[in-house]
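Student: What follows is a single structure, and I will ask about it in a moment.
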Amino acid sequence: MILKEIEFENWQSFKGHHSYTVPEGLIFVQGVNLDREGAKSNRAGKTSFVNTIPFCLFGRSPLISKKQDFINDQSESSWVKLHFESMSLTRYLNDPKHSNLTKIDGKGTEKLFGPEKNISQEDINSLIGMEFDSFSSVIFFGTGYSGFLEKVLTKPVEAKEFLTSILPKLKTFDYAWLWIKKQLAL
């Protein structure tokens, strides 16, 4: 599953409807706060933007504890939609029409999930091949990981040692480990 687009409405610091195309490869999210002089990239929406992915996939985020905190302060409901190559997944929060449902759309989804296309968390976990805890600890790098990223990008020998210590414990990511070993081969 390759993520192509992220779409959301009334999401955390973002009021209204927003849509962003996701480029292939490693993605660097940079923000500029134009509302507060001297704030630079603080409170520009970077973490809010990244939080759309775990919320849509799992209904929660490693960085937010209360669901109400996902909704923009000036709104009563919100939704996030992730567009993949052959399907899309939408998770609603306090939506007047859809309540707190999660829906899937795409070729063949009606046969699998019925005409309403409601999908359970168990089905999503099965579809993406992992649960929230695995996603949070391996895929989702939030605030505070700049040291790790700097090491991976500028010190491949140390990164190789670090990755060697954690990746073998994660059976799901064997193929990723092979790719990393190939990339960091000295």
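Student: Could you tell me which of the residues 127, 89 is under 19 Å from residue 6 (Cα atoms), outside any strand (DSSP E or B) and touching a residue at least 12 places away in the same chain (Cβ under 8 Å)? Can you show your working first?
Tutor: On the way: 89 fails: outside any strand (DSSP E or B).
Within the list 127, 89, the selection yields 127.
Student: Consider only pairs whose beta carbons are under 6 Å apart and that are at least six residues apart or on different chains; among these, list those whose first residue lies in the stretch 5-17 and is crowded, with 17+ Cβ neighbours inside 10 Å and whose second residue is of a type in the set (Phe, Trp, Tyr) and assigned to a strand (DSSP E or B).
Tutor: 6/20; 9/79
Student: Suppose we filter the stretch 54-89 for residues that are over 17 Å from residue 130 (Cβ atoms) and not aliphatic (A, V, I, L, M); how many remain?
Tutor: Adding up the residues that qualify gives 19.
Every read-out reported here was derived from the displayed coordinates using simple, explicitly stated rules and does not represent laboratory data. In this text, all values refer to a predicted model and were calculated from it rather than measured experimentally. Cβ atoms come from the backbone with ideal geometry, glycine included; neighbour counts cover every protein chain shown.
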